[in-house]
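Engineer: Quick one: structure below, then a few questions.
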Amino acid sequence: MSPTASRSAGVVLAAVLGLALLAGCEADSEPTAAGSADRETAAGQDVATPTPGPEAGGDAAGPGEGGPGEDDAGDGAPGEGDAGDGAPGEDEPAPPRYEPAVPLQPRSDPLAVWTGEEVLVVGGVDIRDELRRDGAAYRPGRGWRELDRAPTPLSGAYAAAWTGGMLLVVEPSAPAVLTYDPDRDAWEEREAPEAARRLGAVAGWSGSELVLAGGSRVDGEGPEGPQALDDAWAYDPAADRWQALEPLPAGPQPGAVGGWTDAGLVVAGGRDDGFEPVGDTARYDPEAGAWEVLDDVPDAVSLGGEVVWTGTELVGVAGAGGVALDPASGAWRALAERDEPAAAGEQLVWTGEEVLVVGGLAFAVDDDEVSPQPREQVSAYDPAEDAWSAWPAAPLEARQGAAVVWTGAGLLVWGGDDGRFEDLTRFDDGGLLEDPEGDWRRLEP
């Protein structure tokens, strides 16, 4: 496909998905009303000036390696401590019960995260193009449990992070930061500065703070679309305090990707006013409280929508291969080529040994008509060998926008849609693959 056709397809897809994400809220609930003016304080505290930055409290919290405990029963069967084994203490919540079926309606673009024990799947866009507040948790070896509803619908364009103990979500549909505690099955809504409200920010957990940068304004569109932002913020959930940081050194980078590394928050790539990829890369050093300019992305390749941190490199797919960044040295390297070029919306997960590339949309252009073609295969990249291989394709209809998570013991894929511009189909099924040499197990609705 020509670069011109690719860009046209990307513009159409972005416009369609953007309208779907912002179309509305869940029919049975009203979203929290957004604030009408910028705030100078957050949660009753002053918003700091962009001088000292946050201090990282350690390595970013990542996926746990543990699977189900030895006392776990099969899906849907209560294990030790489940409800029915005895009454909980007066001050203890009743233990959750897990069921085999997924207790969620069809949807795409949900927020999905591995806590070390469970996969949390929250929000997303349903078959009515409405945003959802409900969610569920999947625990390997036990099954699914319903979660408490979020205070506001989740749009899919949030900044989010797992802290190791709670889920943090900066929801652009309201000037708020949402916290979810899976042990208590409880959400909390905290005030956030209006200026921190944005779509598509690059975000990461430092070990003590949620750091986010860039993105676009929720409202106030200009003639070229949503206004791209270059400011950055840090949120300390323990102190419930926001702090403004230095802005991105290259200015706004709409469409940039990145995340937290052991050297700080990396923001890379993006596109210019002509929708051409740019190579600007910077790393925020929390100890220095400043941004450092790194080498540009090689040949300004488009990094698509996602990169993944392997513990030593930030890896992104692009074209027929991809690139990897060593954030400490600032040096990029090219990945070996794979059999098929990158597709829009591919999702990346790190297994501890390989980067898995799941789903996405390729496009066929015929007589100026663009037809989306969702991908079925799962590609695997081994950084140690600089080589690609294929994992078994899921026994599911091809899709994009699914919940895609590595559980520490296997790959979970659930939900998503077929990517069609008209008559879009959203799914409520999924699959679990615990071994690249094994078979998928279907997750039935």
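Engineer: Being part of a loop (DSSP other than H, G, I, E, B), at pLDDT below 95, in contact with a strand residue (DSSP E or B) (Cβ under 6 Å, 6 or more places away or on another chain) and surrounded by fewer than 24 Cβ atoms within 10 Å (Cβ to Cβ): is that true of GLY255 here?
Structural biologist: Yes; evaluated as a whole, the condition is true for this residue.
Engineer: Could you tell me which numbered condition GLY69 fails, if it satisfies all but one of (1) assigned to a strand (DSSP E or B); (2) small (Gly, Ala, Ser); (3) at pLDDT below 90?
Structural biologist: All conditions are met except number (1).
Engineer: Being at pLDDT 95 or above, buried (at least 21 other Cβ atoms within 10 Å of the Cβ), among the aromatic types (Phe, Trp, Tyr) and on the phi < 0 side of the Ramachandran plot narrows it down to one of TRP144, TRP114, so name that one.
Structural biologist: TRP144
Engineer: Next question. Scan the range 404-423 for residues that are closer than 22 Å to ALA362 by Cα, touching a residue at least 40 places away in the same chain (Cβ under 8 Å) and in a loop (DSSP other than H, G, I, E, B) and jot them down.
Structural biologist: Matches in the range 404-423: GLY415, GLY416, ASP418, GLY419, ARG420, PHE421.
Engineer: Considering only the range 389-406, how many residues are of a type outside the set (A, V, I, L, M) and modelled with pLDDT of 95 or more?
Structural biologist: 1
Engineer: Residue check, ARG442 against (1) assigned to a loop (DSSP other than H, G, I, E, B); (2) farther than 20 Å from GLN373 by Cα; (3) without any contact (Cβ under 8 Å) to a residue 60 or more places away in the chain; (4) touching a Gly at 6+ places or on another chain (Cβ under 9 Å), all met but one. Which one?
Structural biologist: Of (1) assigned to a loop (DSSP other than H, G, I, E, B); (2) farther than 20 Å from GLN373 by Cα; (3) without any contact (Cβ under 8 Å) to a residue 60 or more places away in the chain; (4) touching a Gly at 6+ places or on another chain (Cβ under 9 Å), only one is false for ARG442: (1).
Engineer: OK, next. With the checklist (1) buried (at least 23 other Cβ atoms within 10 Å of the Cβ); (2) at pLDDT below 95 in hand, flag the one item GLY415 doesn't pass.
Structural biologist: (2)
Engineer: On to the next question. Among what's in the range 192-217 and is in a loop (DSSP other than H, G, I, E, B) and among the small types (Gly, Ala, Ser), pick the residue that is nearest to VAL177 (Cα to Cα).
Structural biologist: Out of the qualifying residues, it is ALA192.
Engineer: Separate question: Under 7 Å between Cβ atoms, at least 6 apart or on separate chains: pull out the pairs that start in the range 287-308 with a residue that is closer than 23 Å to GLU209 by Cα and end on any residue that is at pLDDT 85 or above and acidic (Asp, Glu).
Structural biologist: Close Cβ pairs satisfying both conditions: ALA290/GLU246; TRP291/GLU246; GLU292/ASP285; GLU306/GLU346.
The values are calculated or read from the model by the stated rules, or taken from the named source; none is laboratory data. On a predicted model such as this, the values are computed, not experimentally measured, just so you know. Cβ atoms come from the backbone with ideal geometry, glycine included; neighbour counts cover every protein chain shown.
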